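Here's the structure, in structure tokens; my notes come after.
Bear in mind that the values in this text are calculations on the coordinates, not laboratory data. Here the structure is a predicted model, which means the values were calculated and not measured. In this analysis, Cβ positions are derived from the backbone assuming ideal geometry, glycine residues included, and neighbour counts consider all displayed protein chains.
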Amino acid sequence: MADGEAVSTAARGHGPAAFWTPGSQILWRYRENGGPHLHIARPVTVVRDDPDLLAVWLAPGTECVKPVMADGTPPHREPLASRYTRPRTVARGRWLGTGVLKLARPGEPWSVWLFWESGWRFKNWYVNLEEPLARWSGGVDSEDHFLDISVHPDRSWHWRDEDEFAQAQRDGLMDAALAARVREAGRAAVEVIRAWGPPYSEGWEHWRPDPSWPVPDLPADWDRTPAHVSS
């Protein structure tokens, strides 16, 4: 498949709001915080796409784009005090592990990711607080909001990355108004967890990918600017 073809011909209909058929390959991307550039791009396979839910599979071994410090250091190894102030660039790398199922409802300021251990032993759900996904013809774009939530099979949960969330505010990557909206979104996500609503109640932990699906390729123009986007 030619570069870019996988993310330009998969949708039914026309325009960014069209739904993708299962098995289509699209990009799931994130903009850098406080800037216009994309710094995360992950080719994924569509599991389901309709007015209620977008579900995609990030397969093991997928080539992705990820942020790194200018000297190549992974951001999580950079001291927190300088993690968001030192120069960064992007690098290509393979997604390691057992793969991730990502679930997003239109307009919600978070997505829910499912993780498994080897042998398909379910590990946990991960709530990634973020801008609601903006759809375009080749995929979806968002901006990460640092704060996250881990949800476990016994229905317990806990906040994650509160230190990064606080540091991002100190470094000017989000103002007080945005931080308040993120906290509000987090509380709303926790209410869904406490009620054990969708997607936790829907059995996605038993889902398995179609073995015939190929691992998507990373297109050469992974960072292209979409002509139109929609939520």
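Packing here is the average count of other Cβ atoms within 10 Å per residue, and on that basis the peptides 116-124, 40-48, highest first, run 40-48, 116-124.
Here the chain is assigned +1 on the Cβ of each Lys and Arg and -1 on the Cβ of each Asp and Glu. Its dipole about the Cα centre then comes out at about 220 debye. Summarising the label geometry, the points placed 7 Å from Cα in the beta-carbon direction at Ala180 and His158 lie 3.0 nm from one another. Counting charges near Asn33 (Lys, Arg +1; Asp, Glu -1) among other residues having Cβ under 10 Å from its Cβ returns a value of -3. Close amide H pairs (under 5 Å, H built 1.01 Å from N) link Arg224 with no residue at least 5 positions away or on another chain. Highest average first, the peptides 141-153, 188-200 ordered by how many other beta carbon atoms sit within 10 Å of their residues are 141-153, 188-200. Remark: relative contact order (segment 87-215) = 16 percent; criterion is Cα-Cα distance under 8 angstrom and separation of 6 or more residues. For Arg88, the residues whose amide H sits under 5 Å from its own are Ala70, ignoring neighbours fewer than 5 places away on the same chain, with H placed 1.01 Å from N. Of the residues Pro51, Thr89, His37, the one whose Cα sits farthest toward the positive end of the charge dipole of segment 25-127, with +1 on the Cβ of Lys and Arg and -1 on the Cβ of Asp and Glu, is Thr89.
Scaled to the globular estimate 2.2 N^0.38 Å, the Cα spread of segment 119-189, given as radius of gyration, is 1.28. How far apart, in nm, are two points set 7 Å out from the Cα along the Cα-to-Cβ line at Phe115 and at Arg77? Here the modelled spin labels are 1.9 nm apart. Summarising the label geometry, the points placed 7 Å from Cα in the beta-carbon direction at Arg48 and Asp210 lie 1.5 nm from one another. Packing, taken as the mean count of other beta carbons within 10 Å per residue, orders the peptides 105-112, 209-216 from highest to lowest as 105-112, 209-216.
From helices alone, the chain scores -4500 deg cm²/dmol at 222 nm; the rule is -39500 (n - 2.57) for each run of n ≥ 4 DSSP H residues, then divide by the residue total. Using Cβ point charges alone (K and R +1, D and E -1), the dipole size of segment 89-223 about the Cα centre works out to roughly 460 debye. In terms of Cα atoms, the Rg and Dmax of the chain work out to 17.2, 47 Å. For segment 150-218, a/c is not less than 1.5, where a ≥ b ≥ c are the root eigenvalues of the C-alpha gyration tensor, and a/b does not top b/c. That puts it in the oblate class. If you take the Cα centroid of segment 118-189 and the Cα centroid of segment 69-100, the two points sit 18 Å apart.
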